[in-house]
Amino acid sequence: MSYASASVEVSSIASQSDADAFFTLNAEWISRLFTLEDEDRAVLGDPFGRIVASGGDVLMAREPDTGAVVGCIALLAYPDGVFELAKMAVAPATQGRGIGRRLIAAAIDRARALGGTRLFLGTNTKLAPAIHLYEDAGFVRITRDRLPLADYYARADILMELM
């Protein structure tokens, strides 16, 4: 699956180099703002085994000229057509160019293509720009009891879903 735009191309994770970029981009912001949890390390360290093999995907935003990865977003698959939007990151030097917005739109399209009927996410009040992007995409706030899993990231103080 590939989504092109004037400034980046978004396509599915395809190599160990992509997996390394996925880890690096996410570890940077999570470590700077929060604590990298064991579950973060597990998912970030093995996106092919922990995300793709389970029916999800990781989308990578690349500079069209160089192919350099400048952003990413993951779709974690759950039973019954439920997906979690997770691990969105945009390289600090490329923020403000609409890359996050493109990644969210591409992830919503990809979830639908994978048979998704519900998309949820957890975020934090410290991430106001991301919250704004999610709301613009149609996500609405939900309570913890609406999550399809009992254990969820301690840092997630805002939960959202898109039906």
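Every number in this text was worked out from the coordinates using simple rules, so none of it is lab data. All values derive from a computational prediction rather than experimental measurement. Methodologically, a virtual Cβ is constructed for each residue, glycine included, from the backbone with ideal geometry; neighbour enumeration extends over all protein chains shown.
Going by the alpha-carbon gyration tensor, a ≥ b ≥ c the square roots of its eigenvalues, is the stretch 21-99 rounded (a/c under 1.5) or, if a/c is not under 1.5, prolate (a/b greater than b/c) versus oblate? Oblate, since a/c reaches 1.5 and b/c is not below a/b.
Of M88, M160, the sequence from fewest to most neighbouring Cβ atoms within 10 angstrom is M160, M88. Each listed q (0.09, 0.18, 0.20 Å⁻¹) maps to a log10 I(q)/I(0) for the chain, found by the Debye formula over equal Cα scatterers with no solvent: -0.25, -1.16, -1.50.
Here the stretch 1-115 is treated with +1 on each Lys and Arg Cβ and -1 on each Asp and Glu Cβ, and its dipole about the Cα centre works out to around 360 debye. Beta bridges per DSSP, both residues in the stretch 2-162: antiparallel share near 90 percent.
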